[in-house]
Amino acid sequence: MTLFAIVASMVALASPTAHGPIDVRCSPLPGHNLGMATPWDGYVTLAPEACQNVRRIIRHKAWAPNPDPYPGAKYVPYPRSLDPIVIQDGLFVLLHEAGHVGQWHDGYITHERGCEVVRGCELDASCRALAGMSYALRRLGYSPAVRQHAVRLTRQRIADPRAMPRRYVGKCPR
Ligand SMILES: [Zn+2]
């Protein structure tokens with residue numbers, strides 16, 4: 001799969017959450033940031049490791065290697081072997097940043113009233129990401145069990161104050 005095809009796939013996965021056209025770029029970011037949104041310009045930037053994780057999910061390689069010495073498949077598409085890091089630091093980051101573009105399209109944030117001054121804005125972006133996750137995985141052909149597993153992990157992560165800074169943490173509406 002070419003980088004162009006990977007980016008086209010990321011755009012397709014993120015568009016519903018972005019509520020419109022979105023451009024995805026892969027580029028190193030300052031600090032330890034995995035993702036950044038520039039909603040008014042309609043694009044998001046993912047750090048190379050986040051891009052790599054999304055790529056693995058797109059290519060159905062977000063699984064543990066098959067422990068069977070005579071494998072029918074190189075990777076095991078079984079929920080328990082799903083690597084949560086790949087989901088959380090890949091697809092979740094993409095959809096969270098796409099959520100900021102969606103907030104922009106909705107008028108929830110504006111250029112003048114950015115996310116940092118809107119109460120609950122980061123949690124809202126994460127909840128938008130959660131809402132878009134099952135769709136994205138279904139589009140990629142993942143089974144209902146895998147999708148439910150990923151959604152459950154993401155919901156737990158959003159509610160866990162040890163996993164994320166305070167303003168990102170909370171409960172999403174069902
Ligand atoms: Zn954010």
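No value in this document is a laboratory result; all are computed from the given coordinates. Nothing here was measured: the structure is a model prediction, and the numbers come from that model. Cβ atoms come from the backbone with ideal geometry, glycine included; neighbour counts cover every protein chain shown.
Counting every other Cβ atom within 10 Å of each residue's Cβ, R157, R166 order from fewest to most as R166, R157.
Based only on other Cβ atoms within 10 Å, what is the fewest-to-most ordering of I85, I6?
Neighbour counts put them in this order, fewest first: I85, I6.
Rounded to the nearest angstrom and listed largest first, the equivalent-ellipsoid semi-axes of the chain from its Cα gyration tensor are 27, 18, 14.
Starting from the Cα-Cα distance between Q52 and R162, subtract it from 0.36 nm times their residue separation and give me the gain in nm to one decimal.
37.1 nm
When the alpha-carbon atoms of region 74-174 are used, the pair Rg, Dmax equals 14.3, 50 angstrom. Determine, at each q value in 0.14, 0.30 (inverse angstroms), the log₁₀ of I(q)/I(0) that the Debye formula gives when each Cα of region 116-174 is one equal point scatterer. Once normalised to I(0) and log-transformed, intensities are -0.40, -1.19. Annotation: amide H-H contacts under 5 Å for R25 (H modelled 1.01 Å from N, sequence separation of 5 or more, or interchain): V44, T45, L46. Placing pseudo-labels 7 Å out from each Cα toward the beta carbon at D83 and R119 gives an inter-label distance of 4.1 nm.
Applying a length cut-off of 24 Å (Cα extent along the axis) and a mean Kyte-Doolittle floor of -1.0 to the DSSP H helices of the chain leaves 121-139. Considering only the chain, what is the antiparallel percent among its DSSP beta bridges, to the nearest 5? Expressed as a percentage, antiparallel bridges in the chain total about 60.
Taking other C-beta atoms within 10 angstrom as a stand-in for reagent exposure, C172, C51, C121 fall in the order C172, C121, C51, fewest first.
Using 17 Å as the cut-off for backbone N distance, which residues of region 24-38 belong to the label zone defined by a point 7 Å from the Cα of L3 along Cα→Cβ? Inside the label zone: 24-29.
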